[in-house]
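Below is one structure, written out as structure tokens; comments come after it.
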Amino acid sequence: MSMIVEVVRSGFVESTHQARMLTVDAEGRPVETRGAVHVPASPRSSMKPLQALGMLRSGLGLEEELLALACASHSGEPFHVDGVRKILAGAGLEESALRCPEDHPFDRTVSEHGRVYMNCSGKHAAMVATCAVNDWPLETYLEPMHPLQKAIRATVEELTGERVAASGVDGCGAPLFFVSMLGVTKGFRAFPLSSEDSYERKIFDAMRTYPEWTSGTDRPEAKLMRALPGLMLKAGAEAFDAFAFEDGRAGTIKIEDGSQRARVPVTVAALRSLGLDAPELAELGLPPVLGGGRPVGELRIR
């Protein structure tokens, strides 16, 4: 049975959202299962750590905050944009090598725009840098049969333990692989549980050490990782989240209607189902419903 998130205003339930959730303990045993977690899902940008792993295995040499940026859906803050340009410059490439769409930063008061501001530009910069290392064609790096994308797909199938059920095109233009929430959870567990010198652990350490590089300074994802220092969490479009803790506890959530309003509260509920909590999670977990600038209701999970 799916989880239900109710939006209660002045005592009246005015909206509801359905959610799928899967959480597993440090041994990989299910703790909470809500909804059809075994059917193919669309993880969107939650797959970026797995994509980055495929790139590291193919010779990409990023580390620390730039590796975290390769896994990011960033806000286009100045340090994000500078980081994207550093990745490109390190491979001897210009911004014109990127094939992601042009965009503005999340802060719409900033007038700048371009491909480097697009939230997936860190991943795209890492992709073209991987191509440069291998002398692979740059212009076609987003094509499903390109050597880069074939290597990434193989990595996704290895870590999830599943064959890709279907493929499509993500919002940034990169191939999107559909696998189950069971598979995504299994894949995320591989990052903290791998050996200290592995590429998986390098990604895990980069993301949790530099959480603002994976999203933004004031984004909920960064707040959750700062509140729980052993946590690696990656959000995806259409309200998909995946996470893993340093001891192997892990989980995924998907809001069926794609509502961002319900995403973070359900993720907090998933973390709490595993005993992962901190005072900072209280406001993120059940934010108030406002009327006239004051609380008049709440989000309620059942």
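Overview of values
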{"item": "Principal axis dimensions, largest first and in whole angstrom, of segment 1-155 by Cα", "result": "58, 42, 28"}
{"item": "Set of aspartates and glutamates near Lys48 by C-alpha distance (under 13 Å), chain-local residues within fewer than 8 positions excluded", "result": "Asp170, Glu200, Asp241"}
{"item": "FRET efficiency estimate (nearest 0.05) - Cβ-Cβ, Val31 to His113, R0 45 angstrom", "result": "0.55"}
{"item": "Over the chain, relative contact order from alpha-carbon pairs under 8 Å, at least 6 apart, %", "result": "25"}
{"item": "Pairwise FRET efficiency - Thr209 versus Glu143, Cβ, R0 = 41 Å, nearest 0.05", "result": "0.75"}
{"item": "Accessible surface of Arg153 - all protein chains present, 1.4 Å probe, nearest 10 Å²", "result": "80"}
{"item": "Where a label projected 7 Å from the Cα of Asp257 along Cα→Cβ would reach, residues of segment 8-26 with amide N under 16 Å", "result": "8-9, 12-20"}
{"item": "Accessible area of segment 77-135 divided out per residue, in Å², using a probe of 1.4 angstrom", "result": "48"}
{"item": "Point-to-point label distance, Asp82-Leu290, nm (Cα→Cβ direction, 7 Å offset)", "result": "3.2"}
{"item": "Segment 151-265 - accessible surface per residue (Å², probe 1.4 Å)", "result": "34"}
{"item": "Directionally averaged projected area (convex hull, Cα atoms, segment 188-302), nm²", "result": "7.7"}
{"item": "Rounded to 10°, Cα long-axis angle of helix 260-273 versus longest principal axis of the chain", "result": "80"}
{"item": "Apportionment of accessible area to carbon and sulfur, the chain, percent (1.4 Å)", "result": "51"}
{"item": "0 to 90° range, to nearest 10: angle between helix 181-193 axis and the chain longest Cα axis", "result": "70"}
{"item": "Euclidean distance of C-alpha centroids, segment 1-42 and segment 232-302, integer Å", "result": "10"}
{"item": "Accessible area, probe 1.4 Å, largest first, for residues Ile203, Ile301", "result": "Ile301, Ile203"}
{"item": "Gained length - Glu283 relative to Arg226, 0.36 nm times residue gap less alpha-carbon distance", "result": "19.1 nm"}
{"item": "Percentage relative contact order, segment 154-302, counting C-alpha pairs under 8 Å, at least six apart", "result": "15"}
{"item": "Residues of segment 1-72: accessible area per residue with a 1.4 Å probe, Å²", "result": "39"}
{"item": "For segment 35-104: relative contact order, % (alpha-carbon pairs under 8 angstrom, 6 or more apart)", "result": "24"}
{"item": "Helical mean residue ellipticity (222 nm; -39500 (n - 2.57) per DSSP H run of 4+; nearest 500) of the chain", "result": "-11000 deg cm²/dmol"}
{"item": "Bins of 10 Å from zero: percent of alpha-carbon pairs in the chain", "result": "7, 29, 35, 21, 7, 1, 0"}
{"item": "Exceeding the 25 Å Cα-Cα cut-off - candidates Lys86/Lys186; Lys150/Lys223; Lys202/Lys234; Lys202/Lys254", "result": "Lys86/Lys186; Lys150/Lys223; Lys202/Lys254"}
{"item": "Helix axis angle, 147-160 relative to the chain longest principal axis, alpha carbon, degrees", "result": "40"}
{"item": "Accessible surface ranking that places the most exposed of His104, His124 first, with a 1.4 angstrom probe", "result": "His104, His124"}
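The values are calculated or read from the model by the stated rules, or taken from the named source; none is laboratory data. Computed from a predicted model, the values in this text were never measured in an experiment. Don't worry about glycine lacking a Cβ; one is built from the backbone with ideal geometry, like all the others, and counts go over all protein chains shown. Please note that ligands, DNA and RNA were not included when accessible areas were found on the heavy atoms of the full protein model with its side chains. Shrake-Rupley method; radii C 1.70, N 1.55, O 1.52, S 1.80 Å.
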